[in-house]
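Accompanying notes for the structure given below.
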Amino acid sequence: MPLSLPETQPWDPVSRVAGSSWLFVYALFLLHAFRDTTGFLFPDFVNLMVHEAGHLFFAWGGHTLMLLGGTLGELLVPLLCAVYFYFHGQTYGFTFSAFWFFENFLYIGTYMKDARANALPLVNSEIGDWTLLFGQWNLLPLDLKIGQFVRTLGWLGMSATLAFLAYRTYRDSQPALRPLSM
């Protein structure tokens with residue numbers, strides 16, 4: 001099956017009702033995420049499974065890549081889904097996958113910010129991945145700043161994803177321009 005860019009393969013149309021409904025659902029999630037103080041949102045249960053599988057999947061590359069593998073897995077799975085939907089012009093699938101990709105940044109940033117404190121509950125060890133990685137790279141004193149930067153990227157990415165969906169909803173709800181007949 002040949003890949004084609006959305007310019008040559010049009011995006012699926014977005015209805016005003018469906019697009020608005022999805023924007024409302026995503027906005028409710030953003031409100032929930034903004035108000036959350038635990039740093040662990042309900043989608044993170046899925047992200048945690050993907051994270052742990054990422055360690056196993058990247059174990060072939062040595063200790064550092066295995067440690068990074070959890071985070072890489074969390075990012076690669078939704079990114080690959082987003083790429084698939086992008087090349088197939090599927091607006092809702094692309095939006096969901098892109099939103100999921102950027103939502104992971106909230107959890108990853110929280111995990112990074114915990115590198116020195118090591119207070120978050122862990123699944124397979126007593127020391128977090130980012131504690132080991134930041135320690136290895138002499139970045140441990142910057143854990144709070146790096147983690148907050150990553151969380152900010154997540155918020156910006158989720159907002160950009162919603163802006164894309166809002167644009168598609170608005171654009172597809174406009175009447176098609178017809179050339180004037182003479």
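Condition test on residue 106, is it buried (at least 18 other Cβ atoms within 10 Å of the Cβ) and in contact with a Lys or Arg (Cβ under 6 Å, 6 or more places away or on another chain)? Walk me through it before giving the result.
Numbers: buried (at least 18 other Cβ atoms within 10 Å of the Cβ): yes; in contact with a Lys or Arg (Cβ under 6 Å, 6 or more places away or on another chain): yes.
In short, yes.
Does residue 122 qualify as being loosely packed, with under 15 Cβ neighbours inside 10 Å and under 20 Å from residue 66 (Cβ atoms)? Lay out the reasoning, then the answer.
Working: loosely packed, with under 15 Cβ neighbours inside 10 Å: yes; under 20 Å from residue 66 (Cβ atoms): yes.
In short, yes.
Can you work out which of the residues in region 33-51 that are polar (S, T, N, Q) and loosely packed, with under 14 Cβ neighbours inside 10 Å is nearest to residue 129 (Cα to Cα)? Break it down into steps so the answer makes sense when it comes.
Kept after step one, since they are polar (S, T, N, Q), are these residues of region 33-51: 37-38, 47.
Narrowing the set further to residues that are loosely packed, with under 14 Cβ neighbours inside 10 Å leaves 37-38.
Working: 37: 22, 38: 19 Å.
Here the residue is 38.
Given (1) open to solvent by 50 Å² or more (accessible area, probe 1.4 Å); (2) under 30 Å from residue 170 (Cβ atoms), identify the lone condition not met by residue 98.
Residue 98 satisfies every listed condition except (1).
Answer yes or no: is there a residue in region 65-79 that is farther than 23 Å from residue 136 by Cβ and touching a Ser or Thr at 6+ places or on another chain (Cβ under 6 Å).
If we filter region 65-79 for residues that are farther than 23 Å from residue 136 by Cβ, which is where we start, we get 77-79.
Still in the running and touching a Ser or Thr at 6+ places or on another chain (Cβ under 6 Å): 78.
Among the residues of region 65-79, at least one is farther than 23 Å from residue 136 by Cβ and touching a Ser or Thr at 6+ places or on another chain (Cβ under 6 Å), which makes the answer yes.
Just checking, how many residues over region 33-55 are in a helix (DSSP H, G or I) and within 15 Å of residue 109 (Cα to Cα)?
6
For residue 155, only one of the following conditions fails: (1) open to solvent by less than 50 Å² (accessible area, probe 1.4 Å); (2) under 26 Å from residue 49 (Cβ atoms). What is its number?
(1)
Report, by residue number, each residue of region 56-69 that is under 17 Å from residue 112 (Cα atoms), open to solvent by less than 50 Å² (accessible area, probe 1.4 Å) and without any contact (Cβ under 8 Å) to a residue 40 or more places away in the chain.
Hits for region 56-69 are 65, 69.
Exactly one condition in (1) under 24 Å from residue 140 (Cβ atoms); (2) in contact (Cβ under 8 Å) with a residue 24 or more places away in the chain; (3) aromatic (Phe, Trp, Tyr) is false for residue 22; which is it?
Only one criterion is unmet by residue 22, namely (1).
The values are calculated or read from the model by the stated rules, or taken from the named source; none is laboratory data. Please read these numbers as outputs of a predicted model, since none were measured by experiment. A quick note on method: Cβ atoms are made from the backbone with ideal geometry, for glycine too, and the neighbour counts reach across all protein chains shown. With ligands, DNA and RNA removed, areas are computed over all heavy atoms of the protein, side chains included. Shrake-Rupley method; radii C 1.70, N 1.55, O 1.52, S 1.80 Å.
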